[in-house]
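Before any comments, here is the structure.
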Amino acid sequence: MSSRYQGWAVICTITSHSAPCGRGLASTCLPRALRGQTVSFWKSRGDLDAPNLFTYSIPAPFLTPENAPRFHVPRQAWSFAIGMRPQSRGIVTLAGRNPSDPPRIDAGYLRNPQDLEDILKGLATCREIARSAALRPFTKGDSIPGEGSRSELERYVRDGLVTFWHQSGTARMGRDDASVVDGRLKVHGVDGLRIADASILPRVTTGNTMAPCVVIGEQAAMFLREEREG
């Protein structure tokens, strides 16, 4: 199988300091929700064929253990989570001959320099949204990462990267030597074996992978039924 994988592997957070209701500059309570109810997708570069960035709001501050000690976290805050479809590729390799040996996984964060440029653009866009007139009633200001130099923002991003659990492509569909399955999800060179999950995606989808995996499963069921009935 192909050892390379790709995923929505980047998330960093902008935290805006929200004033208590009726106090400070915030005269309106930010609506409470378990998670963002709206998602925005956009391109960081015009030459892309599909969005590579997305964001949604979280009704709380979110900081990685690496970033948390460097910032004062306000008691009342909300955050933008920024997800990205990276150019970088991770790699999964065997750790030993025993099937129970855990694999070696290298996420390859920011291995491609373009990813850092793209996520910094995403960061700037989300800060612009957070400072917009529409959200002004809900905020006192941009709290984290705040104003900083290019190197400071780069450090915030590098320390704020976490997985989005959308790793895909280790058994991708195709016809070249690096592909694993054909157009009917059959493993090349192995009779009676199909794969039907996110690993067959040639590249990770723009949004979450759950719905595409449902479609892959339905297609697999259809292929099996056709062969049985045919």
### Query
If you take the residues of the range 65-94 that are in contact with an Asp or Glu (Cβ under 6 Å, 6 or more places away or on another chain) and in a loop (DSSP other than H, G, I, E, B), which of them is surrounded by the fewest Cβ atoms within 10 Å (Cβ to Cβ)?
E66
### Query
Only one of (1) within 14 Å of I14 (Cα to Cα); (2) touching a residue at least 12 places away in the same chain (Cβ under 8 Å) fails for A124. Which number is that?
(2)
### Task
Scan the range 127-147 for residues that are touching a residue at least 24 places away in the same chain (Cβ under 8 Å), within 16 Å of T55 (Cβ to Cβ) and either of a type in the set (S, T, N, Q) or assigned to a strand (DSSP E or B) (or both) and report the count.
3
### Message
For the range 178-229, give me each residue that is assigned to a loop (DSSP other than H, G, I, E, B) and either closer than 26 Å to Y56 by Cβ or in contact with a Gly (Cβ under 6 Å, 6 or more places away or on another chain) (or both).
### Response
A196, D197, L201, P202, R203, V204, T205, T206, G207, N208, T209
### Query
Within the range 55-64, which residues are outside any strand (DSSP E or B) and either in contact (Cβ under 8 Å) with a residue 40 or more places away in the chain or under 15 Å from the mean Cα position of the chain (by Cα) (or both)?
P61, F62, L63, T64
### Query
Which of the residues spanning the range 131-164 are under 22 Å from R85 (Cα atoms) and aliphatic (A, V, I, L, M)?
L153, V157, L161, V162
### Query
Out of (1) modelled with pLDDT of 85 or more; (2) under 20 Å from V162 (Cα atoms); (3) in contact with a Ser or Thr (Cβ under 6 Å, 6 or more places away or on another chain); (4) outside any helix (DSSP H, G or I), what's the single condition that is false for D118?
(4)
### Boolean, V162 is part of a loop (DSSP other than H, G, I, E, B) and within 22 Å of V73 (Cα to Cα)
yes
### Message
For the range 17-38, check the following and say yes or no: at least one residue is assigned to a strand (DSSP E or B), modelled with pLDDT under 75 and touching a helix residue (DSSP H, G or I) at 6+ places or on another chain (Cβ under 6 Å).
### Response
yes
### Query
Can you tell me which residues in the range 48-57 are among the hydrophobic types (A, V, I, L, M, F, W, C) and either surrounded by 19 or more Cβ atoms within 10 Å (Cβ to Cβ) or assigned by TED's automatic domain parsing to the domain that holds T209 (or both)?
L53, F54
### Summary
Flagged in the range 70-89 as modelled with pLDDT of 85 or more and farther than 17 Å from E147 by Cα, in numbering order, are A81, I82, G83, M84, R85, P86, Q87, S88, R89
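The values are calculated or read from the model by the stated rules, or taken from the named source; none is laboratory data. Because the structure is a prediction, the values reported are computed rather than measured. A quick note on method: Cβ atoms are made from the backbone with ideal geometry, for glycine too, and the neighbour counts reach across all protein chains shown.
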